[in-house]
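**Q** After the structure tokens below, expect a handful of questions from me.
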Amino acid sequence: MVTMYDRTPDAETSCLKNIDHENDLKYTLEMCQWVLKPLGVWTLIYHRVSNAERVVSVLLALLCLFGLLFMIVPSLYNIFFIEKNIQTKVKLIGPIGVCMFSTVKYCYIGANRKLLGRCIEHVEKDWRTVDEQDHRAIMLKQAGISRHLIIVCMVFFYSGGMSYQTLMQFSSKLTRKPNVTVKPLPYPSFEFLDVQNSPTYEIVFCLQAFGAMIMFTATIAAYSLAATFVTHICGQIQIQILRLERLIGERQGWNSFQERMTVIVRDHVQVLRFSKNVDEAFREICLTELMSSTFAMCLLEYYCLMEWRNSDTIATVTYFMLLISFTFNVLIYCYVGELLSDQCSQIGQASYNICWYSLPAKKAYSFVLLEAISLYPPKLTAGKIIELSINTFGVVVKTSVVYFNLLRTVTI
């Protein structure tokens, strides 16, 4: 077995080639920082922070966990010990299940902070050492794609989630009772709290809104990191393809050919290692995401049907917005996994399409290894069990419909 040694110089000691690397890195990671800093996670995974910032992050993380548990604990107590109506239980299971899955994803982000930190360091090193403007343009284009995907994800989740948290609670027919003034809450509260009186109601409502923001932000945070890393990998692969296309066109000597081929192979190995780190960091998160999306889509389909039958337009539209949000989220995860495999497999196609047949045999042999490696491109997996692809998205949608039909049969 042949052992490959990393001959790339360390990022801290390598020659600086991109004088705008700080602005480029900020542009690439800015969206991730926006969602990770309020969760107290950014300074745990990024290496350039002070000890004081790390302490603040730990306090923020504890505060966020309190906000999530403030919704989970009383809701579970209500479902198992208080509520007797099966349809009411089903209505509570959906929101609290999503909250629990978001908490699990949040914990996984914190648990994998070292791996995520290494991935960020790799991105930073690539931005420091990019040496040509067209290569930099490719990386900026991919960073722009990741930013747009994250923004769309934020719009869907915050609009649908906060509509459920506020608009639906005050406008839906569920909160209207004759001759009784009811102050609605999105989630059950502790029994010992008289939530119908002020200021207890306002405090509990604000705490639940705070917990909901954390819940959706944690989901967006996991997705933002995955999108940023995978699009960065795609940019690096496109750079290697561009180098391959230019490898034969220029009239260079044997040594120059070998040097440029060495750079291509070395950087390709670095991309493959980076891809492996990304997969290891997101295996559990992606598995949790697939499970939560299937669970949420099934229940939201059921909620939409029930509210449509009740002629509750506000509730129907709110649930439908959430259904679109979760469907879009799992679609993008699967699309990102498909994109990673497709881009990495294009190295072999690119090495075949160039005029390798015009080279001497010894030079042409250099492309065999690239083509062989491209036959086994890296993949983004869910728990090392399910490969994320467009076909996986179809399976998730079909599974959610199957469980929806089962749930409708049981409850009606």
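The values are calculated or read from the model by the stated rules, or taken from the named source; none is laboratory data. Since the structure is predicted, the reported quantities are computational estimates derived from the model, not experimental observations. Please note: Cβ atoms are built from the backbone with ideal geometry, for glycine as well, and neighbour counts cover all protein chains shown. Heavy atoms of the whole protein, side chains included, go into the accessibility calculation; ligands, DNA and RNA do not. Shrake-Rupley method; radii C 1.70, N 1.55, O 1.52, S 1.80 Å.
Every residue, every condition in (1) modelled with pLDDT under 90; (2) open to solvent by 20 Å² or more (accessible area, probe 1.4 Å); (3) more than 16 Å from residue 132 (Cα to Cα), yes or no:
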residue	(1), (2), (3)
15	yes, yes, no
18	yes, no, no
29	no, no, yes
32	no, no, yes
39	no, no, yes
44	yes, yes, yes
49	yes, yes, yes
54	yes, yes, yes
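**Q** Okay, moving on. Residue 284 fails exactly one of the following numbered conditions: (1) under 30 Å from residue 411 (Cα atoms); (2) open to solvent by 30 Å² or more (accessible area, probe 1.4 Å); (3) in a helix (DSSP H, G or I); (4) touching a helix residue (DSSP H, G or I) at 6+ places or on another chain (Cβ under 9 Å). What is the number of that condition?
**A** That leaves (1) as the condition not met.
**Q** Looking at residue 321, is it touching a Gly at 6+ places or on another chain (Cβ under 9 Å), over 30 Å from residue 270 (Cα atoms) and in contact (Cβ under 8 Å) with a residue 60 or more places away in the chain?
**A** Considered against the rule, which asks whether it is touching a Gly at 6+ places or on another chain (Cβ under 9 Å), over 30 Å from residue 270 (Cα atoms) and in contact (Cβ under 8 Å) with a residue 60 or more places away in the chain, residue 321 comes out as yes.
**Q** Let me ask something additional. Would you please list the contacts, defined by Cβ atoms under 6 Å and residues six or more apart or on different chains, that run from a residue in segment 143-154 that is under 17 Å from residue 233 (Cα atoms) to a residue that is hydroxyl-bearing (Ser, Thr, Tyr) and open to solvent by less than 60 Å² (accessible area, probe 1.4 Å)?
**A** 143/28; 145/231; 146/228; 146/231; 150/224
**Q** All but one of (1) over 18 Å from residue 271 (Cα atoms); (2) modelled with pLDDT of 75 or more hold for residue 359; which doesn't?
**A** Failed condition: (2).
**Q** Name the residue, out of 152, 123, that is β-branched (Val, Ile, Thr), more than 30 Å from residue 201 (Cβ to Cβ), out of contact with any strand residue (DSSP E or B) (no Cβ under 6 Å at 6 or more places or on another chain) and open to solvent by less than 50 Å² (accessible area, probe 1.4 Å).
**A** Matching residue, one of 152, 123: 123.
**Q** Could you tell me which residue of segment 342-393 is most open to solvent (accessible area, probe 1.4 Å), considering only residues that are in contact with an Asp or Glu (Cβ under 6 Å, 6 or more places away or on another chain) and part of a helix (DSSP H, G or I)?
**A** In this case the residue turns out to be 390.
**Q** Further question: Out of everything in segment 61-92 that is buried (at least 16 other Cβ atoms within 10 Å of the Cβ) and β-branched (Val, Ile, Thr), what residue ends up being modelled with the highest pLDDT?
**A** So, considering only residues that are buried (at least 16 other Cβ atoms within 10 Å of the Cβ) and β-branched (Val, Ile, Thr), the one modelled with the highest pLDDT is 72.
**Q** Just the residues that are over 20 Å from residue 76 (Cα atoms) and either open to solvent by less than 80 Å² (accessible area, probe 1.4 Å) or polar (S, T, N, Q) (or both), please, taken from segment 191-200.
**A** Passing the criteria: 196, 197, 198, 200.
**Q** Ok, one more. Which ones in segment 94-144 are hydroxyl-bearing (Ser, Thr, Tyr) and more than 23 Å from residue 276 (Cα to Cα)?
**A** Within segment 94-144, 102, 103 qualify.
**Q** Looking at (1) farther than 30 Å from residue 33 by Cβ; (2) open to solvent by 50 Å² or more (accessible area, probe 1.4 Å); (3) out of contact with any helix residue (DSSP H, G or I) (no Cβ under 6 Å at 6 or more places or on another chain), can you tell me which one residue 291 breaks?
**A** (1)
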